[in-house]
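Let me begin by presenting the structure, written as structure tokens, before commenting on it.
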């Protein structure tokens, strides 16, 4: 079976070394970079790992509100 020509072209034009060389080793911090929301959720994840190393932390609506990314709902419950 013949190899796809796109595979050969991709291999000939591989930029992996250039891309990986753009960020010096040890400087990428994906969990705490990108603004207040990412920083806050990253911090929560760090603290959570102390008790539950396998646990995950996701941004919640309250995290969005605290970071001024979203506004609280103005809806009232059926009792309100």
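Condition check ((1) within 30 Å of residue 71 (Cα to Cα); (2) assigned to a helix (DSSP H, G or I); (3) at pLDDT below 80) across all residues:
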| residue | (1), (2), (3) |
| --- | --- |
| 8 | no, yes, no |
| 11 | no, yes, no |
| 19 | no, yes, yes |
| 25 | no, no, yes |
| 31 | yes, no, yes |
| 34 | yes, no, yes |
| 41 | yes, yes, no |
| 50 | no, yes, no |
Pairs with Cβ under 6 Å, 6+ apart, first in segment 62-80 and loosely packed, with under 10 Cβ neighbours inside 10 Å, second at pLDDT 80 or above and assigned to a helix (DSSP H, G or I): 72/65
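The values are calculated or read from the model by the stated rules, or taken from the named source; none is laboratory data. Fair warning: this is a prediction, and the values are worked out from it, not measured in the lab. So basically every Cβ, Gly included, is an ideal-geometry build from the backbone, and we count neighbours across all protein chains shown.
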